[in-house]
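Taking it in order: structure first as structure tokens, then the write-up.
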Amino acid sequence: MPLGTLDRSPPPFFKQGPSALSKLMFFSALSLFLMVADTRFRITQPVRAVLATALYPVQWLALQPVRAIRGGGEYFTTLSQAKLASEEAGRKLALQSMRAGQVEQLTQENNRLRKLLGLREQLSTPVMAAEVLYDAADPYTRKVIIDKGMAQGVDLGSPVLDESGVLGQVTRVHPLVSEVTLLVDRDLAIPVLNVRTGARSVAFGDPAVAGSGLELRFMGSNSDVQQGDLLTTSGVDGVYPAGLPVAKISRIERRAESAFAKIYCTPQALVTGARHVMVVKPGTGLIPPRPEPDAPEATPKKKGAAK
């Protein structure tokens, strides 16, 4: 065989399309353009909604083995564990009954005081039950997916609660599912009220604190805060109803070189194991509109002015 036929380059018959470098540059530029366009104009939101709707049956089928395993594990619970759980439930029920009686008495007293002072009645907020399906795939955020979406009337920004307190807030709504950002996510903040002192502040998510916690920022070093103080929603933002448990102060660091104290909090809700939650309608639509400013009065003309 002559050496001229041993050419290392493939014959023109097998060359198809542009080179690999050209493809890499084209798709890199296209991906950057799509990311910028999605951030600016939300052009991929309909695509996300369609994909979430199309993948929902697949996700539901994939979760069936997990649910079956959970059901089998609960079925084989021992008698001693069930007895302990029953006793604990009885104690909690007695405590809740006592608190319910106190709450009813305080509610009646509050209603009498409101009527006496001529204040408006507290607005009622509708709620919706939902179930946590799975955690979000992004490892750098703390988000979960619930089984309620636009079809069930979930609104963007709705607070989400569990049996212990505030769990998070709905940050993305799809037709059949919704994405909930947990309190411990670094991008979420919630206005809180110290029950003991009545001081208002803002709690920010800080997943670096004991794995999942909150940080109470912009509090002076001499502020009146103590370990164990309960923080509830203040209601000043118009989104979270007032009085919902949020967190308890777990640690306080006061530094001489800083004007602010480092205050760490532990959330009351089960941010790592919640399964059944309540979605609350945001209170922004229930707040009465701000009154319009009075029109300025016309300045009267001076006597003897030239006509």
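The values are calculated or read from the model by the stated rules, or taken from the named source; none is laboratory data. Since we're looking at a predicted model, the values are computed, not measured. No Cβ is skipped: glycine too gets one built from the backbone with ideal geometry, and neighbour counts run over all protein chains shown.
Values computed for the structure shown
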quantity	calculated
Restricting region 166-208 to residues that are hydroxyl-bearing (Ser, Thr, Tyr) and closer than 23 Å to Thr272 by Cβ, the residue that is nearest to the chain's Cα centre (by Cα)	Thr181
Residue identified as surrounded by 10 or more Cβ atoms within 10 Å (Cβ to Cβ), β-branched (Val, Ile, Thr), modelled with pLDDT under 85 and within 21 Å of Thr171 (Cβ to Cβ) among Thr44, Thr77	Thr44
In region 126-152, the residues that are surrounded by 13 or more Cβ atoms within 10 Å (Cβ to Cβ) and either outside the structural domain of Cys265 (by TED's automatic domain parsing) or assigned to a loop (DSSP other than H, G, I, E, B) (or both)	Ala136, Thr141, Arg142, Asp147, Lys148, Gly149
Residue satisfying all of: in region 221-236; touching a residue at least 40 places away in the same chain (Cβ under 8 Å) and surrounded by fewer than 16 Cβ atoms within 10 Å (Cβ to Cβ); nearest to Ser201 (Cα to Cα) among these	Val236
Candidate set from region 153-176 (those that are among the hydroxyl-bearing types (Ser, Thr, Tyr) and at pLDDT 90 or above); member that is surrounded by the fewest Cβ atoms within 10 Å (Cβ to Cβ)	Thr171
